[in-house]
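Working notes, structure below.
The values are calculated or read from the model by the stated rules, or taken from the named source; none is laboratory data. Not measured: the values here are computed from a predicted model. Here Cβ is always computed from backbone atoms with ideal geometry, including for glycine, and neighbour counts include all displayed protein chains.
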Amino acid sequence: MEDLGEIVGEFLMESHENLDQIDRDLVALEQEPGSRDLISRIFRAIHTIKGTSGFLAFGRLETLAHAGESLLSRLRDGVQPVTPTTITTLLATIDGVRNLLEAIEQNNSEEGVDVESIITAVHAQMAAPTSDAPAAPATPAAEADKPEPLQEVPARPAPEPVEDQRRPLGEMLVESGAAEPADVGSALQSQLEGDERKLGTILLEEGKAQPAAVSEALQNQAPKRSVADSAIRVDVDLLDTLMNMVGELVLARNQLVRGVMETGDSGLVRSAQRLGMITSELQEGIMKTRMQPIEHIWSKLPRVIRDLSQSLGKKVELVMEGKETELDRSLLEAVKDPLTHLVRNAVDHGIEEEARRIAAGKSPEGTLTLRAYHEGGHVAVEVADDGAGMDVNRIAEKAVEKGLLRAEQVPGMDKREIMAMVFQPGFSTAAKVTNVSGRGVGMDVVKTNIERIGGAVSVDSTLGEGTVWRLNIPLTLAIVQALTVDCGEQRYVIPQIAVLELVYIDGNSTKVEYASGAPVYRLRGKLLPLVRLDRTLGLEVGGDKGVYIMVLQADGRRFGLVVDRVLNTEEVVVKALNSRFKDIGLYSGATILGDGKVGLILDVSQLARRSHLTAEGDRENTLGTSRATAGATNGERLLITAVGERRVAIPLDTVTRLEEFPRSRIEQAGSREVVQYRGQILPLMRLSHVLGAYSDAEEGDTVSVVVYSEGGRSVALVVDRIVDIAENSTTARRDVEEDGLVGTAVIQQRVTELLDVRRAILAADPNFYREMTADELVEA
Amino acid sequence: MASRQFATFEVAEQLFGVEVDTVQEVLSYSEYTPVPLAPPAVGGLFNLRGQVIAAVDLRVQLGLPRQTLAGPKMNVILRGDGEPVSLLVDRIGEVVDLDDDAFEPPPDTLSGHTRELVVGTFKLDGRLMLALDVTQAVDTYRATT
């Protein structure tokens, strides 16, 4: 009996999956009624359910599935056309099956589900006179055997070969043109007459078919290795447990590695490093098992939209982009309901009635776009409609009316802030209350649910053009790369994704300056607004010397966070923070640090907001740093060169070409070395001279140069060697005060100096640019 | 005669009690991470076998000055609503069986912060035990408003 329970469980799980697929296929079938593929697929799926339910003696389920199957077979045979009504009936049948399955799952019985009315509806469909028009001559015969009396206990499903699973070889060969029908016919005939050889063999031996064609057909004939053979089902709880254990393992590893490093025993250190690597791989593997494409939750939406738009009398086309985007399973679960809500809301309130759309000069059919994509360690999921849009003024009015805002606050708010009012509890702009949405609950629940998983939700809308709801969801809840920093007596954790670079402030060559009281730092000539972490946290404010600036990026803003000390990067396991700390807003979670203490994870975007960066300065900031931003998200690409013993990195986007010149081509023009290059005179600049580096590579026959162009002029920087091109991650960078250098960074485990090309040239010769004009040098 | 079990503890010389089944465990812990800008009643966070637990300073809840969090402090860890939460107390007492007839509502003379946290008084041999309202006791926003 227990075995049977397991079988039933498996049947339920499998059937639920099948039903979801049928749902999708039915909706798709409505779009292309002629698709025999779709009909066959639906037919097979229902057939499987019918067969298994018969075997498990779920009589009512079997009867219902049988009714659906009968109707489908008529569609398949072309006896009856596919119409929206038939689709509705079939969907209702599927719902009936689903209800039965649920009843079986819960009560282990099929009672309490109305099957008869569905069956009656199916019958009515089949008896509908629609069938007489298209296939009149064939009808009598088909009619005679198809609608079998349904109430009769259906025979156990005969092990009839499920069609399409294994097609006859001959048929395939004829179809592909590899064999003549007549040859296949005679081969079959000889088989019937007792020839024991296989069909393919007969054809081959008689020279009626090419070996390649036969083997290809044989391969196609073999049923495709199904997903079921290459995958197993795993209990999600088990995965969750594993995930938690890996989380603990990461913590234990961090503690162990720290301890071992202190002992300095090289053997132990090696073992610890190995353990570290294995742990990381294990962690990655387990994380992967939990990743699922977002399609899993999207797949239910076509049905939702179809039913809803039909009941509202609207036409909605659904477009899905990026459905393969993967998310952690637990996050997917958490996103499912909010997403469904947004979609329903968009169909209900976003997209207008057909008449209104036409009046507004839009196409009668509304478009709902679901979009998912990765963006900087997050997954963005958008629900966009091309409907009526929301009126900012109306939202503001309503918010004032509901007491969510004071009238005098409104003028000071920007559009985004006002739009965000729709997420306030008790806010609803819907003109009428429908049974779908608009009861004033919903958006706040969406917001709460998304924020609970560390995500964010925002909305943007243009009146008359549509609305975009955007969910920003962390890739995974569990583990992030983070930097630990000290501030005051305490240690805090900052997600590394937000960190662009680090600057050490010694108070002499690098220092904090004040613009009418507001602390700023000159970062490569641009002013960077600073936020003191100690002040923000309400701690005792320390000095400006011997501190670090972490250049952070969040919400399109760039700012520097002043902390006492930057310790190291570490993988931390994010633990949700008790809801009582949510209102503080500065912490996105907590973690257990290597020493076993709790560390708070700072919420960088909240810090940015706290930093009182005004909207004005904001924009300037974003504009001025747009290139730095692009560099930050992808990692700045650097050309690594060797100059003497030193490694010097040049931003790749300033590099025009890399060249090798024979030493003999170097000529002298005044005090300067030049080469003729593409019909022009290109001045050479030896980086070793500029940087005061001792270079011993003078003996070679050729020189390596990096051609740099700016403002229509070029210069060739002579280096000893081109080493590599590397992405500059956000590893620790320190500013050094040396002419021509931006600072140093650790790139590929080597200390590398970052060249400020412009300043390097000027440092070598302050008159360089001016002289160049005079000398009419290269006009690249 | 119905009786209930209470876990008892002392804060500022006063004996308090919570029903045993609301308590997950009792332990002494010495390293707390303060949470800047949190309500004053939040003593700090600590690591309970990989779980981050918030410790609520019962002294602050009772309108007294904060505990200094140097050195080991006793925690009464309550199961809480969904996630455990800890009460920082001075001393742990014993678990007592109390008959319902030893119970009386809080005396009318009891007022202020303590009154809001207490559901009743139990008369023990020689001293009184105040039964805490667990939900109120861990509500860190209560004392500040």
Report yes if residue A:46 is closer than 19 Å to residue A:18 by Cα and either crowded, with 18+ Cβ neighbours inside 10 Å or of a type in the set (Gly, Ala, Ser) (or both), otherwise no. yes
Can you pull out every residue in region A:21-40 that is surrounded by fewer than 17 Cβ atoms within 10 Å (Cβ to Cβ) and part of a helix (DSSP H, G or I)? A:21, A:28, A:31, A:36, A:37, A:40
Can you tell me which residue is surrounded by the fewest Cβ atoms within 10 Å (Cβ to Cβ) among those in region B:38-69 that are over 23 Å from residue A:572 (Cα atoms) and facing another protein chain (nearest Cβ under 10 Å)? B:39
Identify, from the list A:236, A:246, A:227, the residue that is at pLDDT 80 or above and either surrounded by 10 or more Cβ atoms within 10 Å (Cβ to Cβ) or more than 14 Å from chain B (Cβ to nearest Cβ) (or both). A:246
What about residue A:536, is it over 23 Å from residue A:756 (Cα atoms), within 14 Å of chain B (Cβ to nearest Cβ) and touching a residue at least 60 places away in the same chain (Cβ under 8 Å)? yes
Going by what's in this entry, would residue A:610 be described as at pLDDT below 75, surrounded by fewer than 20 Cβ atoms within 10 Å (Cβ to Cβ) and either touching a Ser or Thr at 6+ places or on another chain (Cβ under 8 Å) or outside the structural domain of residue A:499 (by TED's automatic domain parsing) (or both)? yes
For residues that are more than 8 Å from chain B (Cβ to nearest Cβ) and within 12 Å of residue B:35 (Cα to Cα), tally how many sit in region A:583-593. 2
Of all residues in region A:249-287, count the ones that are charged (D, E, K, R) and in contact (Cβ under 8 Å) with a residue 12 or more places away in the chain. 2
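To keep it simple, each residue is scored yes or no on (1) among the charged types (D, E, K, R); (2) without any contact (Cβ under 8 Å) to a residue 60 or more places away in the chain.
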| position | (1), (2) |
| --- | --- |
| A:7 | no, yes |
| A:26 | no, no |
| A:55 | no, no |
| A:59 | no, no |
| A:62 | yes, no |
| A:86 | no, yes |
| A:90 | no, no |
| A:104 | no, no |
Somewhere in region A:268-283, is a residue assigned by TED's automatic domain parsing to the domain that holds residue A:247, acidic (Asp, Glu) and either at negative phi or surrounded by 17 or more Cβ atoms within 10 Å (Cβ to Cβ) (or both)? yes
Quick one: in region A:671-691, which of the residues that are small (Gly, Ala, Ser) and loosely packed, with under 14 Cβ neighbours inside 10 Å is nearest to residue A:642 (Cα to Cα)? A:671
Kindly indicate whether any position in region A:353-360 is touching a residue at least 60 places away in the same chain (Cβ under 8 Å), out of contact with any helix residue (DSSP H, G or I) (no Cβ under 9 Å at 6 or more places or on another chain) and not in a helix (DSSP H, G or I). yes
Residue satisfying all of: in region A:430-474; assigned to a loop (DSSP other than H, G, I, E, B) and crowded, with 19+ Cβ neighbours inside 10 Å; modelled with the highest pLDDT among these: A:455
Anything in region A:594-604 that is more than 8 Å from chain B (Cβ to nearest Cβ) and crowded, with 19+ Cβ neighbours inside 10 Å? List them, or say none. A:594, A:601, A:602, A:603, A:604
Subset of region B:25-49, residues in contact with a Leu (Cβ under 9 Å, 6 or more places away or on another chain), among the hydrophobic types (A, V, I, L, M, F, W, C) and under 28 Å from residue A:249 (Cβ atoms), comes to B:27, B:35, B:45, B:48
Among the residues of region A:535-593, count how many are closer than 25 Å to residue A:521 by Cα, surrounded by fewer than 19 Cβ atoms within 10 Å (Cβ to Cβ) and over 28 Å from the mean Cα position of the chain (by Cα). 14
The one condition residue B:30 fails out of (1) away from chain A (no Cβ under 14 Å); (2) in contact with a strand residue (DSSP E or B) (Cβ under 8 Å, 6 or more places away or on another chain); (3) touching a residue at least 40 places away in the same chain (Cβ under 8 Å); (4) of a type in the set (Gly, Ala, Ser) is (1)
